[in-house]
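In what follows, a structure is listed as structure tokens, so that the remarks can point back to it.
The values are calculated or read from the model by the stated rules, or taken from the named source; none is laboratory data. Model, not experiment: these values are computed from the prediction. Positions of Cβ are generated from backbone atoms using ideal geometry, with glycine treated the same way; all protein chains shown enter the neighbour counts. Heavy atoms of the whole protein, side chains included, go into the accessibility calculation; ligands, DNA and RNA do not. Shrake-Rupley method; radii C 1.70, N 1.55, O 1.52, S 1.80 Å.
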Amino acid sequence: MTTYLLQQKNWQSQLSDLITEPAELLEQLALQPDQLLSGALLASQQFKLRVPRAFVEKMQLANPLDPLLLQVLPHHLELEEHPDFVTDPLGEEAANQLAGVLHKYSSRFLLTLTGACAVHCRYCFRRHFPYQENLPKNEDWPNIRDYLLEHPAINEVILSGGDPLTLSDRKLSLWLDRLESLEQINTLRIHSRVPIVIPERINDEFLALFKGRRFKVVLVVHSNHAAELDDFTCSQLLRVAQQGIFLLNQAVLLKGVNDNVQSLVQLSQRLFSANVMPYYLHVLDKVKGAQHFDLPAATVDVLYQQLLASLPGYLVPKLVREIAGEPNKTPLYGLKSD
Ligand SMILES: *Cc1c(COP(=O)(O)O)cnc(C)c1O
Ligand code: SF4
């Protein structure tokens, strides 16, 4: 029994034992399959259900509107067509010069080492992006290095994805060593949802990867709701912070999930208790299949005003939208002039 539990706790075995069948997810949550299931089965043909059991354990039983469940359960509304919602809203295919890299923002360079994620978030703007054909291999490193050397303004490399923390520590270590060998890189950033959905990913071996590095390390996690941050998850994040790694969070504003001021306030407070600073609050990217998470601009405006009035300034994430072709994420607050 003990051995079995220990095996379940290991992050690699959790990653290979994800829930991928809508019926199983509903059963785990004591939900009646009926309409939920038929919509889910259709929508999951486009973008598969994928969720770690540790994340499902944070959901409420018998609540079809659980804010964590809504983020991962395929929904029949995903199949509705809407002219404003497209497959590549950020124009990333055009920005893709070398295998696995995106250089859209002058000083920052995004490196995609894997297309895989531990969880499939239904609102994700990458749900249609053809990552699998486009990943850098070891033999691509010389080209990437040359590109970085030819662009000395780049001082930060972002490992993104997919989710880079689905990779083995061995593979991460190889890429960290490569990037550390370039003097111009003074910051290494990792964007990952894994610490939230499989908090066991944070272990001694993982933390050791960052010991004694020349560059500053920033870990940007992705949590949209305080219920994702249970005590164990927060204690794991605190371990990361104690290692001298800067912790930030990005969230997406999602209808039905966190579109009320209490949820957003609790999220910021809970993050702060784990030494994670709220960084971005993204409005939804207009990606095909995610229409049902969208909120009217006026609602977003009111919510953000309420958030500003409820929290100290340092706990208010920046409200942003990503606009194709812009040299940075576009702030949505404080730009209005009359
Ligand atoms: C969001 C993003 C970054 C990082 O932007 P920051 O504003 O520094 O967080 C870098 N490259 C790409 C392609 C991005 O989408
Ligand atoms: S890239 Fe991030 S938001 Fe998108 S599916 Fe993966 S974990 Fe979710």
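About its Cα centre, what dipole magnitude does the range 92-331 give when the only charges are +1 on Lys and Arg Cβ and -1 on Asp and Glu Cβ, stated in debye to the nearest 20?
On the way: 25 positive and 25 negative charges, 39 e Å.
Around 180 debye, computed over the range 92-331.
Subtracting the Cα-Cα distance from 0.36 nm times the residue separation, let me have the gained length for residue 41 to residue 13 in nm, one decimal.
Numbers: separation 28, 0.36 × 28 = 10.08 nm, distance 2.54 nm.
Gain in length upon complete extension: 7.5 nm.
Between residue 138 and residue 76, what is the spin-label point distance in nm, taking each point 7 Å from the Cα along the Cα→C-beta axis?
Going by the 7 Å Cα→Cβ label model, 5.0 nm.
Percent of Cα-Cα pairs more than 24 Å apart in the chain, please. Kindly include the intermediate steps, with their values, before the conclusion.
On the way: 32336 of 56953 pairs.
When every Cα pair of the chain is considered, 57 percent fall beyond 24 Å.
Sequence-distant or interchain residues sharing an amide H contact under 5 Å with residue 282, placed H: which?
Residues meeting the amide H criterion: 251, 252, 253, 320.
If packing is taken as the average count of other Cβ atoms within 10 Å, what order do 160-171, 117-128 fall into, highest mean first? Each step should come with its number before you reach the end.
Values: 160-171: 19.5, 117-128: 21.1.
Highest-to-lowest ranking by the protection proxy: 117-128, 160-171.
With the full set of protein chains in place, find how many percent of the accessible area of the chain is carbon and sulfur; take the probe as 1.4 Å. Mind showing how you got there, number by number?
Working: 8270 of 15510 Å².
Carbon-and-sulfur percentage of accessible area, whole number: 53.
Any idea of the accessible area per residue across the chain, 1.4 Å probe, to the nearest Å²? Walk me through the intermediate numbers first.
On the way: 15510 Å² over 338 residues.
For the chain, the per-residue accessible area is 46 Å².
For the chain, what is the percent of antiparallel DSSP beta bridges, rounded to the nearest 5?
Values: 6 of 35 bridges.
Of all bridge pairs located within the chain, approximately 15 percent are antiparallel.
Note the full-extension length gain between residue 298 and residue 171 as 0.36 nm times their separation in residues minus their Cα-Cα distance, in nm to one decimal.
Working: separation 127, 0.36 × 127 = 45.72 nm, distance 4.50 nm.
Length gained, residue 298 through residue 171: 41.2 nm.
Given the peptides 213-226, 144-157, arrange them by the average over their residues of other C-beta atoms within 10 Å, most packed first.
Values: 213-226: 20.0, 144-157: 15.3.
Listed from highest to lowest mean packing, they are 213-226, 144-157.
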